[in-house]
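Engineer: I'd like to ask you about the structure that follows.
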Amino acid sequence: MKKLLLLTSGGDCPGLNGVIRAVVKAAEHDGNWQVYGSRRAYCGVLETPNDIVHLTNELTAGIHVRGGTILETVNKGNPIAFPVNVDGKHLLVDRSKELIEKLAELGFDAVINIGGDGSHKVSQHLFEHGLNIVGVPKTIDNDLYGTDYTIGFQTAVDTATEAIDRLIPTAQSHNRVIITEVMGRDAGWICLHSAIAAGAEVALIPEIPYDIESIKAKLTSRFNKGHGFANIVISEGAKSLAGNVVCKQSNEFGYENPVLGGIAEQLASQIRDGLDLDVRVTVLGHIQRGGTPNAFDRVLAAEFGVQAFELVKQGRFGFIPVSKEGEIKPISLKQATSEYRVIPSGHSLITSARAMGICLGD
Ligand code: F6P
């Protein structure tokens, strides 16, 4: 029997367990592979003793409806820049050679990493250094290049939309402006989808820096017409024309990305400055990462899991299955990590939003 190692890395999202179950099912059906899982991404391999679990049909039965990941995950476990504490000093150490050697010692023939753009850059590095690795696209942000959808995105959009749906009646009842801050890092996919789905008046995405005067003009015209309330959806990575992205805290050691958050409060102050409106802020935060995956993400997880296992069986390492125009097909990890996927300026989401009178802040 050949040995396959599975891991989830980076931020969690709904649908990860569905991929794990699909890979285990496909491998048991094939009959030539045993599947194992490394807990907390590569930490399960790098730790002594190893924290690796044998994944069977019994262990993974029914997990596809559960959020999170049964394997757990970390976003500070990059083996190329692994955070360690030596004599009270924080250092980043390249443990990739050690990782590849340990995997060989443990008898693994292949690895499947379920991750986002940061994780797949690491996978590409490991592949170039001799590891037999295949990727699976996941992240609520939908910002991985080369795929139309990543696992977790559609469920996060559902969650954000439901939250905004709940905020609209309270905005209406109190004649308020309610600003909802959604996740998505430097891409506005969650924001624009949920704003259109819920029917918000303003959607502010990182791709279009906003002009506060344009938002004030939109609110003034709306309140003058007597509607008496407004809903604004803003991406955590949005910024004003003159400003910068807002971070909750400075970079955590070993964590590649800034911890975004706080732009909605900044926007609320900018609106209050000059307009006599009652403004409230709701930050959805990690709620968007939780919950049971919707049917779309369950199907995508199943297809990605099966196709990733197929790539392993065929020895097509350095590849990742993606969803393109309704089909699942493989592309190279190199291609998938060659760019960061934002909403292109001429995208139909942007033109549709504008055509419906949604203010995009420009
Ligand atoms: O990448 C997914 C994501 O949820 C982003 O939308 C967000 O900026 C980030 O992760 C939050 O990460 P953490 O789990 O470290 O708070």
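Engineer: Which angle from 0 to 90°, rounded to the nearest 10, does the C-alpha axis of helix 189-198 make with the longest principal axis of the chain?
Structural biologist: For 189-198 against the chain, the angle is about 50 degrees.
Engineer: In terms of the Cα gyration tensor, with a ≥ b ≥ c the square roots of its eigenvalues, is the chain rounded because a/c is under 1.5, prolate because a/b exceeds b/c, or oblate?
Structural biologist: Note, shape of the chain comes out prolate.
Engineer: Calculated from DSSP H runs of 4 or more alone, at -39500 (n - 2.57) each and per residue, what is the 222 nm mean residue ellipticity of the chain, nearest 500?
Structural biologist: -11000 deg cm²/dmol
Engineer: Let me ask another. Taking 22 Å as the cut-off for C-alpha to C-alpha distance, list the pairs among 76/239; 239/324; 76/121 that go past it.
Structural biologist: 76/239; 239/324
Engineer: Oh, and also: Using modelled amide H (1.01 Å from N, peptide plane; none on Pro or chain starts), what sits under 5 Å from the amide H of residue 179, excluding residues fewer than 5 places away?
Structural biologist: 232, 280, 281, 282
Engineer: A follow-up question, please. Mind listing which GluC sites (Glu not before Pro) in region 291-347 are in a DSSP loop and have 13 or fewer other Cβ atoms within 10 Å?
Structural biologist: Here the sparse-neighbourhood loop sites are 325, 339.
Engineer: Hey, another quick one. Residue farthest toward the positive end of the dipole of the chain, with Cβ of Lys/Arg at +1 and Asp/Glu at -1: which of 100, 11, 352?
Structural biologist: 352
Engineer: What value in Å³ per residue do you get for the convex hull of the alpha-carbon atoms in region 92-136?
Structural biologist: Considering the Cα atoms of region 92-136, their hull volume per residue is 72 Å³.
Engineer: Have a look at 137, 14, 169 and tell me which one the Gaussian network model of the chain (Cα, springs below 10 Å) gives the largest fluctuation.
Structural biologist: Evaluated over the chain, the most mobile residue of the options is 169.
Engineer: Which of these, 143, 158, 30, has the largest mean-square fluctuation under a Gaussian network model of the chain (Cα springs below 10 Å)?
Structural biologist: The residue that fluctuates most here is 30.
Engineer: Can you list the lysines whose alpha carbon is less than 23 Å from that of residue 225, not counting same-chain residues fewer than 8 positions off?
Structural biologist: Excluding near neighbours in sequence, the set is 216.
Engineer: Continuing with the same structure: For the chain, modelled as a Gaussian network with Cα springs under 10 Å, which listed residue fluctuates most, 113, 244, 132?
Structural biologist: Result for the chain, Cα springs under 10 Å: 244 fluctuates most.
Engineer: Lys and Arg at +1, Asp and Glu at -1: add these up for the other residues within a Cβ distance under 12 Å of residue 198 and post the number.
Structural biologist: Here the charged neighbours net out to -3.
Engineer: If amide hydrogens are placed 1.01 Å from N in the peptide plane, which non-local residues have theirs closer than 5 Å to the one on residue 322?
Structural biologist: It is 329, 331, by chain and number.
Engineer: Could you line up 167, 300 from fewest to most neighbouring Cβ atoms inside 10 Å?
Structural biologist: 167, 300
Engineer: Same structure, new question: Could you compute the net charge surrounding residue 70? Neighbours are other residues with a C-beta less than 15 Å from the C-beta of residue 70; K and R count +1, D and E count -1.
Structural biologist: Around residue 70, the surrounding residues sum to +2.
Engineer: At a 10 Å Cβ-Cβ cut-off, how would you order 36, 340, fewest neighbours first?
Structural biologist: Neighbour counts put them in this order, fewest first: 340, 36.
Engineer: Treat every Asp and Glu Cβ in the chain as -1 and every Lys and Arg Cβ as +1, leave all other atoms uncharged, and give the resulting dipole magnitude about the Cα centre to the nearest 20 debye.
Structural biologist: In total the dipole reaches around 240 debye.
Engineer: Which listed residue (144, 38, 60) has the Cα farthest towards the positive end of the charge dipole for region 1-144, taking +1 on Lys and Arg C-beta and -1 on Asp and Glu C-beta about the Cα centre?
Structural biologist: It is 60.
Engineer: Where does each of 47-53, 256-262 land if you order them by average Cβ count within 10 Å, highest first?
Structural biologist: 256-262, 47-53
Engineer: Please determine, in degrees from 0 to 90 and to the nearest 10, the orientation of helix 153-174 with respect to the longest principal axis defined by the Cα atoms of the chain, where the helix direction is its Cα long axis.
Structural biologist: Computed tilt is about 20 degrees.
Engineer: For helix 263-272, report the angle its Cα long axis makes with the longest principal axis of the Cα atoms of the chain; keep it between 0 and 90° and round to the nearest 10°.
Structural biologist: With both axes taken from Cα atoms, the answer is about 0 degrees.
Engineer: Taking the Cβ of residue 174 as the centre, find all other residues whose Cβ is under 12 Å away and add up their charges (Lys, Arg: +1; Asp, Glu: -1).
Structural biologist: +1
Engineer: May I pose another question? Determine the shape class of region 156-212: with a ≥ b ≥ c the square roots of the Cα gyration tensor eigenvalues, call it rounded for a/c under 1.5, and otherwise prolate if a/b is greater than b/c, oblate otherwise.
Structural biologist: The shape class here is oblate.
Engineer: Here's something else I'd like to know. Arrange the following residues from fewest to most other Cβ atoms within 10 Å of their Cβ: 117, 211.
Structural biologist: In order of increasing Cβ crowding within 10 Å: 211, 117.
Coordinate-derived values only; no laboratory data. Just so it is clear, the model here is predicted, and its values are computed rather than measured. Cβ sites come from the backbone with ideal geometry, for glycine too, and all protein chains shown count toward neighbours.
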